[in-house]
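Every number here is computed from the coordinates shown, using simple stated rules; none is lab data. Values in this document were obtained by computation on a predicted structure and should not be read as measured data. Here the Cβ positions follow ideal geometry from the backbone for every residue, glycine too, while neighbour counts run over all protein chains shown.
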C-alpha cells in the first residue's frame, strides 16, 4: 500500500503545482491596517480551498486551476464579503487587495450573506454618482480600444465627444471639466497628442495593463476632489508580483507593440517592480487600407512603471512614473477629403510629450490613523506649426506656431482617522505649482500677431476635511468642506459637500448628494493676449474667476438578486458665474472643448449662466454564469446663456444617449480552462448642435465664417454605432502560459456619423466630414 500512496501524493502535488496562485492582502478598508488571521475560502472548487492571512495581512492560495472562481473572506468583527468571478489564467498570478469594513453590530459568529457591491468605489467617501472600474472591464467591452475613457462612455450620463478622440462629455459638461488623478495627485492630460488645457486625445497614454481597481465619478464628488466641474478619474496603479517574475507581450492596432515585465526586488522586504513600454503600430492599419481619421501616420510611444518598496520601519513607500512622446506630420499632398485633422492647402506638424514622476508614502500612526503623502513632478508640452500654400504659389509660408511647456510640482497629504466603526474623518491639503512657458502666434496679412507669450508660474492651494458617519447599518452620512485659492488672480472659493445614503430592506438604497464645485479656466484662456486699440497686447482674461457650479443628485438603487441591479439618478447642475465676453455675443466658456484648440477671446467676465439637468437609468447584470449585460439610458438638457442674454443649447447637448452592451463566454477543454468570447455594443445618441457656416461671407473672405448669432441652432443627424467583438482565451497550465486574442469590429455597419461641417477654401463649398467608418481593431496578448 505504501507505493500507491506515494504515487497518489505525487500526482496531487503535480496537480497543484500546475495550478495558479490567488494571493494578496486583507486590510481594514478605512485605516489600511493589515488584518491578521482573516479566513479566505475558495468556494468554486470541490473540496473548497482555504487559508488565513498572516501577520502582514497577506494570504496565498496555490493550486488554483485557470477559470473563474469565487472567494469568500471573513474576519470576526468585520462584515464578510464574497468576491465572485475572479479570472485566473495560467500565465499570471492573481493579486488582490481586499478591504473589509468593521461591522457596526458585533456578533459572535460570522454569517456570510450577499456578495460585495461589485461597482462600489475604492474611495469609501464616494457614495453617489460614482463607481469602481476594473482592468477586466476596460479590456472586456467592445469598442473600448483598451482605453479607460472610452470604457467610461458606456456608463449612464457619459458620452465620447467624437470617434477621433477620447474626450468624454459628462452630463452635458465640457471635457475640460474632467479631473485626472493618479496615485492621489492631479496629473497632466494622460493622452498622446494632448495639448495645453485639454483632457483627452486620439490615443490614451495610460497603459491599462498596469491599472488596478480605480474610481470614476460624475457628480457631487467628495470634498477631497477639487478644481473639477464635470467628473473625476481617480487612477490607481498596481504593484508588481512580489514573489516571481512575469512577462507580458501584446500587439494591438491602437495601443501598439508592448512588452511588460514585473517581479520581486527583495522578497524579504516584499518590494517589487512593474514596467511596460509601448510603441505605435498604426502603419499596419494604413497598410491594410483602414481609415483611422487621417492619411498621416502618427508616431507615439510610452513607458509606465511602479516600484513598490514594501513596508519599512518608516512606512510604505512606492515610486511611479509615466513618460510619453508623440508626433505627426499632416502634409497637403497626402490629405484626403475625409481627413479629420488636416487641411488641403497647408502642411502642419504636431508634437507632444508627457513626463510624470511621483513618490508615495503612507504610515500607520496607530490602529486607527494613517497619513498618506504623495509628491509629484510632471512636465507636459506640445508644439504645432502650420505652413500655408498661398493661392497661386508653390512656396510654403509659416503662418502659425505654438510652443507650450508646462511643469508642475504637486504635494498631496491627508490624515485619515477612524474614531470607531461608524465614524471616519479625513483632512488633507493639495499644493500645485505650475511653471508655464507658453508661446503662440499667427500671421495675418504678412504680419505676425502674438496670441500668448507667458513665462511665469502660478500656484493653486487646496484644502479639505470630510467626515463619514454611520449611526446604524441603514444610514450613511457624508459631509465635507473644500477650499481652493489661485494666486494668479487671488481667486478664492469655499465649497460645502454632503451626501446621504439610506439603505432599505430588500437590497434597496436611496441616495442624495449636493456640492458646490469650482474650477480654474483652461490655462490658454487665462494667458490669451488681446490686441488693444493702441497696438499693444494685454492679458485681459487674468481676472476671470473660477467656473462655479452647484450639483444636486437624487438616486435609487435596487439589487435584483445577487447579480442584477437597477440604478436610476436624477440631477440638476446650476452653472454660476460663467465666463462670457463683455461685448454682446453668443460665446460661453461652457462650449470650450467642442473643437480643436481654444477660442481667441478676451475681456471675459463672469456674468453668464448655464444648466444641465436630466435623468439616467442603468440596468446591469454583473458577470456571472459566463455572461454579462449592461443597459444605460440618459435623457438630459444642457443650456447656456451668453452675454447676449439668449438661452441656447450647448455644444454638448445631445439630449439622449442609449447604450446596450453584453457578452458571453463559451468554455471548452476538459477542465473548462479555455474560452471563446463574444461581446457587442450598440449606441444611439442625439446629434450634436453646431453653428451653421455663413457661406457667402466665407467665400468673400476666403476663410470659414459662421453665423455666431445662430450659435448651436442646428444639429447633426443622430449618432448610431454597432460594435461586435470575437475572441478566445487559451491557458496552458503545464507551461504557465496564457494567450488572448480578439478581433473587434467597430462600426460594423459602416454608419456615416457626421463629424463636422467645414468650409473648403479650394472648392468654395461646405464639406461634410464623417467619423471613422468600419474599423477592425485587433489584439494579441501572451503572458508567462
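Relative to the longest principal axis of the C-alpha atoms of the chain, give the angle of the C-alpha long axis of helix 2-18, reported between 0 and 90° and rounded to the nearest 10°.
Between helix and principal axis, roughly 10 degrees.
In nm, to one decimal, how far is the modelled label at residue 136 from the one at residue 423, with both set 7 Å along Cα→Cβ?
3.9
In region 181-204, which residues have a backbone nitrogen under 19 Å from the label point lying 7 Å from residue 303's Cα in the Cα-to-Cβ direction?
188, 190-193
Quick one: length gained pulling residue 490 to residue 327 fully straight, 0.36 nm per residue minus the C-alpha distance?
Gain in length upon complete extension: 55.0 nm.
What ranking do 170, 737 get, fewest neighbouring Cβ atoms within 10 angstrom at the top?
Placing the least packed residue first, the sequence is 737, 170.
For residue 475 and residue 363 in one chain, what is 0.36 nm times their gap in residues minus the Cα-Cα distance, to one decimal in nm?
Here the answer is 37.3 nm.
Report which label in [x] 15, 50, 29, 5, 0, 0; [y] 13, 36, 30, 14, 6, 0; [z] 15, 46, 33, 6, 0 holds the value of P(r) over Cα pairs in 20 Å bins from 0, in percent derived from the coordinates of this structure.
For P(r) over Cα pairs in 20 Å bins from 0, in percent, the calculated option is [x].
Given the Cα-Cα distance of residue 710 and residue 55 and 0.36 nm per residue of separation, how much length would full extension add, in nm?
That pair, residue 710 and residue 55, stretches by 229.0 nm at full extension.
May I ask you to order 569-577, 596-604, 219-227 by the average number of other C-beta atoms within 10 Å around their residues, highest value first?
Ranking the peptides 569-577, 596-604, 219-227 by packing returns 219-227, 569-577, 596-604.
So for the pair residue 431, residue 570, with labels modelled 7 Å out along Cα→Cβ, what separation do we get in nm?
Modelled inter-label distance: 4.6 nm.
Using helices alone, what [θ] at 222 nm do you get for the chain, with -39,500 (n - 2.57) per DSSP H run of 4 or more residues, divided over all residues and rounded to the nearest 500?
-1500 deg cm²/dmol
Please report 517, 474, 503 as a ranked list, fewest other C-beta atoms within 10 angstrom at the top and most at the bottom.
Final ranking by Cβ density, sparse to dense: 474, 503, 517.
Pop a pseudo-label 7 angstrom from the Cα along the beta-carbon direction at both residue 387 and residue 442 and give the gap in nm to one decimal.
The answer from the label model is 2.1 nm.
Tell me, 666, 281 in order of fewest to most beta-carbon neighbours within 10 Å?
So the ranking, lowest neighbour count to highest, is 666, 281.
Hey, what did the chain get for relative contact order, percent, Cα under 8 Å, at least 6 apart?
Over the chain, the number comes to 10 percent.
Along the Cα-to-Cβ line of residue 251, 7 Å from the Cα, sits a label point; which residues in region 270-284 have backbone N less than 18 Å from it?
277-284, by backbone N distance to the label point.
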